[in-house]
Amino acid sequence: MVGHLLLCILLFLTIEVKDGAKLPVVEKQKKFMTLSGGEPEVVALGGYSGFFPSSTLSAYDFARDISMLGTIQYCNVHFSKDNVGYCVAQINLMNTTNIEEFDPKGLKMYKIYGQEVHGYFGLDYPANVLFENVTTRQNIFSRSGVYDGSPLVAPFQLFEDTNKTSSRVWLNIENEMFYSDHKISAASYLENELPRLPEFLSSPEIGFLKSMAAKAAKSKTKLILTFLGLDEVEPTTKKPYGSLIKDLAMIKSFASGIVVPKEYIWPVDKNKMLKPATTLVQDAHKAGLSVYASSFANDRLWSYNFSYDPVQEYLQFTQNPEFSVDGVLSEFPSTASEAIACINLDNKAPRAVPTLIISHNGASGDYPGSTDLAYNKAIADGTDVLDCSVQMSKDGVAFCSDRADLMKTTTAAALFIDRATNIKEIQSADGVFSFDLTWTEIQTLKPIIESFFPELPRNPAAKNSGKLLTLADFLELAKAATVKGVFISIRNAAFLAGKKGLDIAGTVSSALSHSKFDKQTLQKVLVESDDTSVLDHFRNVPTYERVLYIKDAIGSVADEAVKEVKEHADAVHLRRNSIMVAENSFIANFTATIPAFHAANISVYVGILRNEYQNLALDYLSDPYVELATLTALQVDGLLTEYPYTANLFSRSSCVNEGSAYVIMPVQPGMMFPQEAVAEPPQLSPKDVVDPPLPAVANTASPPAAAAASNKQTSSATTNPFRVSAKGLIFAALVLLLTIYA
C-alpha cells in the first residue's frame, strides 16, 4: 500500500517539477566564489534523507525530482559478508534498519578505529539475506516514520534513474580499513560490480584514496578526502584531522577536494553563535582543492545566527562576500537548491511576491517581542507593516506587548507574583496583568524572548534585551521608518472598559490622531480586533483598514457571515488552521475560507508564521519557504510573521517565477502522504461574528492618571515595585516547591 501511494506521489511530483522547477534558466546568472566560478554543487546526502529513510529509492527519487538540475546522489557504502555493497547512513544497522527484529540474537561488538561499537553489522550476513529481509527506517526519531519499510539499495541502482537517464553519483567508502581486516575489498567491489566508477569517490582514509588514484584518473573520478572531527584520528597517518587540515598541499597530491564539517569553516562558540570564519576555503582554493561542507539539515539547530532559517545557513557558506564553498552535503537538498538557485540577497531587488509582510511583535523570533530591538530589526529586515498589540497599564498608559498577561513575556512573575490573579474573561491560567501594574512598575520589568518549542529555544544571548515601547513611541518609530503601515491589535476592550475603567479603543484612536495617522495616506493604518464593536469605533476614519481577528478554526463561511464581516471589517486575520486542515502533521485539505472572503472583496491575512521546523506541517519539509510558497499560491493578502527577514528574502526571490533556475513547488493536500477524509473545522456563522456594544467606561475608585490623556510615558504612581505581601511570599514559595519537585 505504502509503495503504491509513494509511486503516485513521485509521479505527481515529477509532472509538477517538469512544469515548474526545471524550466530553462532565463534569469541573470549569479556569480559565485567557488574554485570553478560556477554555482556550488548540491549533494543529496542519502537522497532526501530529511524526510524519507536515508539511502532508499524513495529518498533518491524524491531528491532528484524536487531538487535543482544536476543534484548529486550520495551513497555511504557498506558491505555484506560476501563483499556486496549497499547504501546506508552508518555501519551500525541497529537504528537505520529493522535488523534486530529479523535477528534478535545477532547483536555483536566490533572495534572500529579503536572504538568499541555494539550493534548489528552487514558483514555478518550474506547479501541475499540483507536485501531480502532487512528494511530501512528513519533513524532520526524526531522525523516521521511513515515511509519506513523500504528495502536496501545497492550502489549500482543509482547510476540510472527510472527513465534510464544517467545520474551523478557520489560514493563514500567509510570504513575501508575495517573491512579489509575482515577480508572484504571495497576496491574490488568498485572495479568489478559497478557499471563505472562514480563521478565522486570519497573516504576518510588517505590510504584507500591513494590506492584508487590510478583508476580514478582513468575514469575522471574526483577523489575527495572526508574529514571527521578535529580530534579524531585518520587511520592511515595516525594523525588527527585537525592536524591534517593544515597540510593542504599534501592532500592535493592525491585528492581534488575535501569534505569538512561546517565548524571547520564557521566555528561556533558554546552559546551556538558564529565565531569569525576560518580561511580554510580560501586556502584550499589556493591549493587547487574544492571544498564541500557537510552536515546540513533543516531540523537541526546549529547556530542561532540563522534565526531557524535553513536558507540563511546555506547562504552563509555559498554567498558571503569572502568565499563560497564548492558544494553542500544536505539531508534536505531542495532547500539547498533554493539558496543557490533562486534566493536573491539584494535588498533593492524588486518584489516578486506582493503579499504584505506584517511583523508580529516586531522581529520577535530574534529579540524579545514588542521591544525597541525587535521593532528596529523588523524594519531593517524589510517588514512592510509594523505591528503593536496594545496593552493598558493601571494608570492608563498604552504600550506594546503581545498580551495582557506579562508572565511569559517579561520578568513580571519574579517581581510581582503577589499581583497574580485569575481572570476568566481573559484566560484560564493565573497571570500578572498589565492593567494591575502602573507604567512605572512595568518599566522595572525586563522583557523575555518567548520560545514556543522547548527543544528549540530562541537566541539566549538576547533573552532579556531591549525595552518595551509606549504606543506613542511606537507610532513615532513607525513614522520615522517610513514603513508602509502599522498594524494595531486591540483585545479585551469590553473587560477593560467595564471592569477596569480603561478605554483602550479611545486611547488608541487618540494616539493615532495625535501622531496624525488619521490625516495622511502615505502609511496604511490597520486596526485589528476580535471584537466587532471595537472595529466599529474606527468606522469614521475611512483611511483606516479594519481587520477582524477570527481566533477559532473555521472550514467555511456562511454567506450571511460574510455579509456580517463586510459590515464591520475590510479584512480578516485567520490562523493557519482556518486555511488548511492537518492530520498527523500532514496537510489533508485546504478550506474554502480564502475564496469566500475574496469573493466579498475582504482581504485575508494569515499568521502566525514561525521558522522553527516544529511549527511547520511535515509537507513543508522543515522549510519555511515552502510554507510561504504555498500561502502565496493560495493568494493570501498578508502574512503575520515573527521572522520578517525570511518573508522578505522569499518575496525578493525568483523562487516562484516560472523562468527561474529553480521553483519552490507549493504543497498540495495529500501530496506527501495521502490520508482518509478528514473532518473540517466548523463553518463561520453570523452569530460568531457580531459582538455586543462595548460597555460604558466604568468610573473606578482609582482613575487613570490624567497625564495619560496624551499617552505619554509619565506616571505619578508611588507604588514600590518590589513590594511583596505575606500572601505573595507564600504563593511564590509554593510555586518554587512545585517547580523543584516537578
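The values are calculated or read from the model by the stated rules, or taken from the named source; none is laboratory data. From a predicted model like this one, the values you see are computed outputs, not experimental measurements. Virtual Cβ from ideal backbone geometry, glycine too; neighbours counted across all protein chains shown. Just the protein is used for accessible areas: all its heavy atoms, side chains included, with ligands, DNA and RNA removed. Shrake-Rupley method; radii C 1.70, N 1.55, O 1.52, S 1.80 Å.
Summary table below
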{"quantity": "Efficiency of FRET from Cβ geometry, THR482 and LYS551, R₀ 30 Å, rounded to 0.05", "calculated": "0.40"}
{"quantity": "Segment 436-486: relative contact order as a whole-number percent, Cα under 8 Å and 6+ apart", "calculated": "28 percent"}
{"quantity": "Residue-normalised accessible area of segment 510-652, given per residue in Å² at a 1.4 Å probe", "calculated": "35 Å²"}
{"quantity": "In segment 426-502, trypsin sites (Lys or Arg not before Pro) in a DSSP loop with at most 14 other beta-carbon atoms within 10 Å", "calculated": "LYS467"}
{"quantity": "Karplus-derived 3J(HN,Hα), 6.51/-1.76/1.60, for each residue of segment 274-288, Hz, glycine and proline x", "calculated": "5, 9, x, 5, 6, 9, 4, 5, 4, 5, 5, 4, 4, 7, x"}
{"quantity": "Extension gain (nm, one decimal) between LEU301 and ASN128, 0.36 nm per residue minus Cα-Cα", "calculated": "58.4 nm"}
{"quantity": "Within segment 385-538, percent of DSSP bridges classed antiparallel, to nearest 5", "calculated": "35 percent"}
{"quantity": "Exposed-loop-free span, longest in the chain, where GluC sites (Glu not before Pro) count as exposed if DSSP calls them loop and at most 11 other C-beta atoms lie within 10 Å", "calculated": "1-321"}
{"quantity": "Rounded to 5, the percent of DSSP beta bridges in the chain classed as antiparallel", "calculated": "30 percent"}
{"quantity": "Kyte-Doolittle mean at least 1.6, axial Cα span of 30 Å or more - DSSP H helices of the chain", "calculated": "none"}
{"quantity": "Length-normalised contact order for the chain - Cα pairs under 8 Å, 6+ apart - percent", "calculated": "13 percent"}
{"quantity": "Accessible area (Å², 1.4 Å probe, nearest 10) - ILE112", "calculated": "10 Å²"}
{"quantity": "Residue-span extension gain [GLU263 to LYS463] - 0.36 nm each, minus C-alpha spacing", "calculated": "69.5 nm"}
{"quantity": "Percent of alpha-carbon pairs separated by more than 26 Å within segment 164-286", "calculated": "27 percent"}
{"quantity": "Loop-located chymotrypsin sites (Phe, Trp or Tyr not before Pro) in segment 227-292 whose Cβ has at most 14 other Cβ within 10 Å (DSSP)", "calculated": "none"}
{"quantity": "Fully extended contour minus Cα-Cα distance, from LEU69 to LEU230, at 0.36 nm per residue", "calculated": "54.6 nm"}
{"quantity": "FRET efficiency, 1/(1 + (r/R0)^6) with R0 35 Å, evaluated for GLU676 and LYS348 via beta carbons", "calculated": "0.10"}
{"quantity": "For segment 160-222: relative contact order, % (alpha-carbon pairs under 8 angstrom, 6 or more apart)", "calculated": "35 percent"}
{"quantity": "Cross-link pairs beyond the 30 Å C-alpha cut-off, checked among LYS394/LYS467; LYS463/LYS499; LYS111/LYS210; LYS499/LYS551; LYS500/LYS563; LYS377/LYS524", "calculated": "LYS463/LYS499; LYS500/LYS563"}
{"quantity": "Trypsin sites (Lys or Arg not before Pro) restricted to segment 184-283 and DSSP loop, no more than 16 other C-beta within 10 Å", "calculated": "ARG196, LYS220, LYS238, LYS246, LYS270, LYS272"}
{"quantity": "Heavy atoms of ASP346: accessible area, 1.4 Å probe, square angstrom to 10", "calculated": "80 Å²"}
{"quantity": "Listed values [x] 161; [y] 199; [z] 179, entry calculated as volume of the Cα convex hull per residue in Å³", "calculated": "[z]"}
{"quantity": "Spacing of the two label points (7 Å from each Cα toward its C-beta) at SER188 and ASP518, in nm", "calculated": "8.9 nm"}
{"quantity": "Global form of segment 115-207, assessed from the alpha-carbon gyration tensor, a/c cut-off 1.5", "calculated": "oblate"}
